[in-house]
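Data block below; observations after.
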Amino acid sequence: MFHLGWFVGGGFGPQAWNSQWSGTHGAEWTRGAFYADLARSLERACFDYLILEDGLMITDAYRGSMEVDLKYAWESPRLDPMAAVAVMSQATSRIGLVATLSTSFYPPYMAARMLVSLDHLSAGRVGANLVTSSSHRSAQNFGLDEHFEHDLRYEMADEWMDLVDRLCASWEPQAVVADQQAGVFADFRKVHTVDFAGRFHRSRGPLNAPAGPQGRPVVCQAGGSPAGREFAAKHSDTIIAVPHGIEGMKAYREDISARMIRHGRKPTDCKVLFLVNPVIGETDDQARELLALRRARQRSPEVMETVLAQMSYFSGIDFAQFDLDGPFPDLTGRVNGHQSSMTRFANAAAGRTLRETVMDHDTVESVELVGSPDTVAAQMGEVMAEVGGDGFLIATPVHRRVVAEIADGLVPALQRRGLVRTSYSHELFRDNLLEF
Ligand SMILES: Cc1cc2nc3c(=O)[nH]c(=O)nc-3n(C[C@H](O)[C@H](O)[C@H](O)COP(=O)(O)O)c2cc1C
């Protein structure tokens, strides 16, 4: 069996606001009901978790303007994912709920307190997708002129994690006694300061909230650079990744396993889920037609502009300055943003012009899955058998039709083949994640 998650990315707010199947999405994406509805649908299909992406700015890396981001609702606007997790936790009882959180800008005490609070409110189902943030614009929203250097951010994140772990554990599990007869609510001897003084962070502690049901919330990570993988191998319970093709997926899993062993961890203690974007039709033929339509849409001026803006955001270098009919620019050593995502673009660009690379850019996915629900279910089973991986993360922009295709079409087909769970065995998110 393998695990399933849903990556609510691309500005997790309006997402597919402008498709044929958007319905009231563009108007209602700010309402709690929208998130509750999504979480309930995925819980019906026994997803392990859903993860909400985040960013801390409106990007203007392309042409120095916020136009593309806002006009197409590409990365912005969005709400704070932790607020959405609180809402979704009240509409569900088993699915894991993961909010993206920046280790560069969220003070450790605030992060630990928020995560422990959400863990209580969700009865042990919260996770944090830890990112280091990538753009100077984010840094400027927190009083800095420029963002920290790429690898230094991961050193900061490592210390941040250490402190957050200590704060989450600053209340022993039995500290709350609530003994009415003795008149004692919490046993002060079981609540400890952390007295942390590091290179980047200091905190006295303890938290002023008791430890959550999971103790430490589930930790998720996505950075694919060597520094990012090292951080993930040391700390994560789950990793979301987009290596290309079956060989790339295998190599990614093996690399993480080797790093985990070096950190004294068992590889089975971290689940690596690969992003996919399945095209599902009533029949295989219809799915292939839908794929052709998707590819044609990828060549529209709107999507091409968005891809150029995306490259600018990921690299921190304005792609408007490059000749579309010249070669893909050599950015070696110049990217302080998402290094692994830019490497993907550069690899796809070999021998092609920038225009060709943009026109034929891949949807963000590790392998292409196309067909009827049953065909796609079989493909997913074959891929997992070869990769020896832990599962998939659906990354299709969200509208209700897509959710129904996956939750009510693809997942039952996977369940019939015995490939995914048909119920949750445990109450806590981490226990379900580590079950197999
Ligand atoms: C699938 C995936 C999802 C990501 N989601 C986010 C996100 O929500 N917010 C964010 O700031 N960065 C996100 N990132 C970026 C990474 O977490 C990381 O901060 C960035 O890629 C730089 O790290 P790297 O150079 O190690 O790849 C994502 C990356 C991947 C591959």
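Quick look at the values:
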| quantity | calculated |
| --- | --- |
| Selection within segment 103-121 - surrounded by 21 or more Cβ atoms within 10 Å (Cβ to Cβ) and of a type in the set (Gly, Ala, Ser) | 104, 111, 112 |
| Among residues of segment 203-234, those that are open to solvent by 20 Å² or more (accessible area, probe 1.4 Å), within 13 Å of the ligand (Cβ to nearest atom), at pLDDT 95 or above and not acidic (Asp, Glu), counted | 1 |
| Of all residues making up segment 127-145, the number that are more than 16 Å from the ligand (Cβ to nearest atom) and either touching a Ser or Thr at 6+ places or on another chain (Cβ under 8 Å) or open to solvent by 80 Å² or more (accessible area, probe 1.4 Å) (or both) | 1 |
| Residue list for segment 88-102, restricted to those being surrounded by 18 or more Cβ atoms within 10 Å (Cβ to Cβ) and more than 12 Å from the ligand (Cβ to nearest atom) | 88, 89, 92, 94, 95, 96, 97 |
| Of the criteria (1) open to solvent by 20 Å² or more (accessible area, probe 1.4 Å); (2) within 28 Å of residue 48 (Cα to Cα); (3) within 13 Å of the ligand (Cβ to nearest atom), which one residue 149 fails | (2) |
| Candidate set from segment 177-220 (those that are at positive phi and in a strand (DSSP E or B)); member that is nearest to the chain's Cα centre (by Cα) | 215 |
| Residue match in segment 17-25 (condition: closer than 21 Å to residue 239 by Cα and open to solvent by less than 10 Å² (accessible area, probe 1.4 Å)) | no |
| Residues (assigned to a helix (DSSP H, G or I) and closer than 27 Å to residue 217 by Cβ) located in segment 388-436 | 403, 406, 407, 411, 429, 430, 431, 432, 433 |
| Pairs where the first residue, in segment 320-347, is in contact (Cβ under 8 Å) with a residue 24 or more places away in the chain and within 13 Å of the ligand (Cβ to nearest atom) and the second is open to solvent by 50 Å² or more (accessible area, probe 1.4 Å) and not hydroxyl-bearing (Ser, Thr, Tyr), C-beta under 6 Å, 6+ apart | 336/316; 337/316 |
| Hits in segment 377-420 - residues which are under 25 Å from residue 24 (Cβ atoms) and of a type in the set (A, V, I, L, M) | 394, 395, 398, 402, 403, 404, 406, 407, 410, 411 |
| Qualifying positions in segment 389-436 - within 23 Å of residue 370 (Cα to Cα) and basic (Lys, Arg) | 400, 401, 416, 417, 421 |
| Conditions (1) open to solvent by less than 60 Å² (accessible area, probe 1.4 Å); (2) part of a loop (DSSP other than H, G, I, E, B); (3) over 23 Å from residue 428 (Cβ atoms); number of the one not met by residue 124 | (3) |
| Elements of type helices (runs of 4 or more DSSP H) contained in segment 221-335, each with 2 or more residues being within 28 Å of residue 57 (Cβ to Cβ) and outside the structural domain of residue 18 (by TED's automatic domain parsing) | 284-298, 301-315 |
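The values are calculated or read from the model by the stated rules, or taken from the named source; none is laboratory data. Because the structure is a prediction, the values reported are computed rather than measured. Positions of Cβ are backbone-derived with ideal geometry, glycine not excepted, and every protein chain shown enters the neighbour counts. Surface areas here come from the heavy atoms of the whole protein model, side chains and all, with no ligands, DNA or RNA. Shrake-Rupley method; radii C 1.70, N 1.55, O 1.52, S 1.80 Å.
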